[in-house]
Amino acid sequence: MDQVWSFNLRHLGALLEVAQACNISLAARTVNLSQPALAQAIFRIERLLDARLFERRSGGVTITAAGSQFVPRAERALAFLARGVAHIRRSHGMPTLPRLEQRVTMSQLRALVSVVGVGSYTRAASELGLSQPSLHRAMRELQDIIDIPLLERSGRAIRATVPAERLVHFVRLMLAELRAGIDELSTRDEGLGGTLHIGVLPVARAWFLPKVLAEFCTRWPAASVDILEGPYAELLTHLRQGDVDLLIGSQRESVPEQDVIQQALFDDELVIVGRAGHPLHGKPALDTADLLNHHWVMPAPGTPMRVSWERMFQVRGQTPPVLRVQCGSLTIKRGLMMEGDWLTLMSRDQFRLESQVGQLVEIGSPGQGFWRTIALTRRTDWRPTLLQASFIELLGSVAGEMGDGEGGVGW
């Protein structure tokens, strides 16, 4: 089980009270726990984190360096949960629920995330290793607390309501904040690990990102990196709900959501690419007829590369030709070009590796001003850990080696 599910929400709320009061006795009265019970709750969190959060002294407690790191994470985590519940209740004209961490349990939230994720009590119970009655009970208790329908039946199937999907979004942000707190403490001593989660689009996979990863793994020998690949919309969803820390790929003209921000890393020149031995290879200059008389393989409409390809014809006063094959997979595009005189547009970063193999060659340039900006995308309210900040620093440093990058990422 993911370690983050082992936290007790009520204990986390009590932790914040102790940090604020610097006194277990005073905090115990606020959270309606006995002093021994509160002390035991703090001990359980410390044992889970393998870190001392408070030093016990006569007359009270003082927060440790580890406590100063984790307490803000716990505060942000509970704030995400409170925002989620407040949002869906407000949309129904209902007031905010005070001290939510004393009402809701991690077991209930875990049931919510799992059932909504798979759309089935049977599958969720199997994944969690729980009985279906236990899941039903947890969901019923959570729904009674929030007082808003979270699931609805559609025949024999169940599906999440809009409030449930919105609440899951904030629960995932809460979990991401707690994981960041765990990772932050695991990297407080040199040589200890932590995990970085990165969403990556094809443009960044060829030379730029491997170079960053190699340097990062040298700098952090005990850390691990989890890379998630997929379509932009899917990766953006993972980013917004905290499943990935950063998204690296082509910069969009505008981002579809207000809770994320793009930051440019470097500009990457575009080149026309075909197979070695292509009839256009070596021609001093390509004319419009050359571009129209060969088949192209390009990604889906709306992607930055497809937009550049369409503009390449439009600036020449031509309508882009009909694509026989539409595909974003570099492997498939490479294989297709090896089977005939097909063409594609590619960033010079991507082409760098292809040219080393020798099977694909640069046919020519699409024209002046055809560049693609490589950017990182992050949540606007994201607070990076030391590990994440180190990776961002390396992104800026390697980007500076790419030509026009300035070697830094501003926050």
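Using amide H atoms built 1.01 Å from N in the peptide plane, name the residues 5+ places from Ala276, or on other chains, whose amide H lies under 5 Å from its own.
The answer is Leu360, Val361.
State the percent of C-alpha pairs, over all pairs in the range 64-105, separated by a distance greater than 11 angstrom.
When every Cα pair of the range 64-105 is considered, 68 percent fall beyond 11 Å.
How large, in percent, is the carbon and sulfur part of the accessible surface of the chain at a probe radius of 1.4 Å?
That fraction is 48 percent.
Helix-derived [θ] at 222 nm for the chain: sum -39500 (n - 2.57) over DSSP H runs of at least 4, divide by residue count, nearest 500?
Value at 222 nm, helices only, nearest 500: -15000 deg cm²/dmol.
Leu16: accessible area at probe 1.4 Å, nearest 10 Å²?
40 Å²
What is the extension gain from Asp147 to Asp2, computed as 0.36 nm multiplied by their sequence separation minus the C-alpha to C-alpha distance, in nm to one decimal?
Contour length minus the Cα-Cα distance gives 49.4 nm.
Once you put a point 7 Å from the Cα of Glu253 and another 7 Å from the Cα of Val307, both along the Cβ direction, what distance in nm separates them?
Placing both labels 7 Å along Cα→Cβ, they lie 0.5 nm apart.
Under the rule that an exposed site lies in a DSSP loop and has at most 10 other Cβ atoms within 10 Å, name the longest stretch of the chain with no GluC sites (Glu not before Pro) of that kind, not counting the sites themselves.
Here the longest run is 1-189.
Let's see if you can work this out: charge +1 on each Lys and Arg Cβ, -1 on each Asp and Glu Cβ, no other charges. What is the dipole magnitude of the range 143-282 about its Cα centre, in debye to the nearest 20?
480 debye
How much of the DSSP beta bridge set in the chain is antiparallel, as a percent to the nearest 5?
Percentage antiparallel, nearest 5: 70.
Sorted by accessible area with a 1.4 angstrom probe, largest first, how do Asp147, Asp243, Asp268, Asp50 fall?
From most accessible down to least: Asp50, Asp147, Asp243, Asp268.
Mind listing the phi-derived Karplus ³J(HN,Hα) values for the range 99-112, rounded to whole Hz, using 6.51, -1.76 and 1.60 with θ = phi - 60°, and x for any glycine or proline?
With the stated coefficients, the range 99-112 comes to 6, 4, 5, 8, 10, 9, 10, 5, 4, 5, 5, 5, 5, 4 Hz.
Taking θ as phi - 60°, what are the ³J(HN,Hα) couplings along the range 164-181 by the Karplus curve (6.51, -1.76, 1.60), each to the nearest whole Hz, with x for Gly and Pro?
Along the range 164-181, the couplings run 5, 5, 5, 5, 4, 4, 6, 5, 5, 5, 4, 5, 4, 5, 5, 5, 4, x Hz.
If the label point is 7 Å along Cα→Cβ of Gln359, which residues in the range 261-283 have backbone nitrogen under 15 Å from it?
274-278
Which FRET efficiency, nearest 0.05, do Gln314 and Ala214 yield, Cβ-Cβ r, R0 30 Å?
With R0 = 30 Å, the Cβ-Cβ based efficiency is 0.15.
Using 1/(1 + (r/R0)^6) with R0 = 35 angstrom and r between the beta carbons of Gln35 and Thr380, what's the FRET efficiency to the nearest 0.05?
For Gln35 and Thr380, the calculated efficiency is 0.30.
Round to a whole angstrom and tell me the spacing of the C-alpha centers of the range 295-362 and the range 230-252.
23 Å
Using the beta-carbon distance between Asp226 and Ala289 and R0 = 51 Å, what value does 1/(1 + (r/R0)^6) give for FRET efficiency, to the nearest 0.05?
Given R0 = 51 Å and the Cβ-Cβ separation, E is 0.60.
Sort out for me the Cα centre separation of the range 277-293 from the range 56-96, rounded to whole Å.
Using only Cα atoms to place each centre, the spacing works out to 62 Å.
Give the ranking of Trp309, Trp207 by solvent-accessible surface, highest area first, calculated with a 1.4 Å probe.
Output order, biggest surface exposure first: Trp207, Trp309.
Just how large is the dipole of the chain about the Cα centre, in debye to the nearest 20, putting +1 at every Lys and Arg Cβ and -1 at every Asp and Glu Cβ?
It works out to roughly 1420 debye.
If you count only protein heavy atoms with a 1.4 Å probe, what accessible area per residue comes out for the chain, rounded to a whole Å²?
Per residue, the chain has an accessible area of 47 Å².
How large is ³J(HN,Hα) for each residue in the range 26-43, as worked out from phi by the Karplus curve 6.51 cos²θ - 1.76 cosθ + 1.60 (θ = phi - 60°), to whole Hz, x for Gly and Pro?
5, 5, 4, 5, 5, 9, 6, 10, 6, 4, x, 5, 5, 4, 5, 4, 5, 4
The values are calculated or read from the model by the stated rules, or taken from the named source; none is laboratory data. Just so we're clear, the structure is a prediction, and the values are computed from it rather than from any experiment. Reconstructed Cβ throughout: ideal geometry from the backbone, glycine too, with neighbour counts over all protein chains shown. Remember, those area values only see protein heavy atoms, side chains included, never the ligands or the DNA or RNA. Shrake-Rupley method; radii C 1.70, N 1.55, O 1.52, S 1.80 Å.
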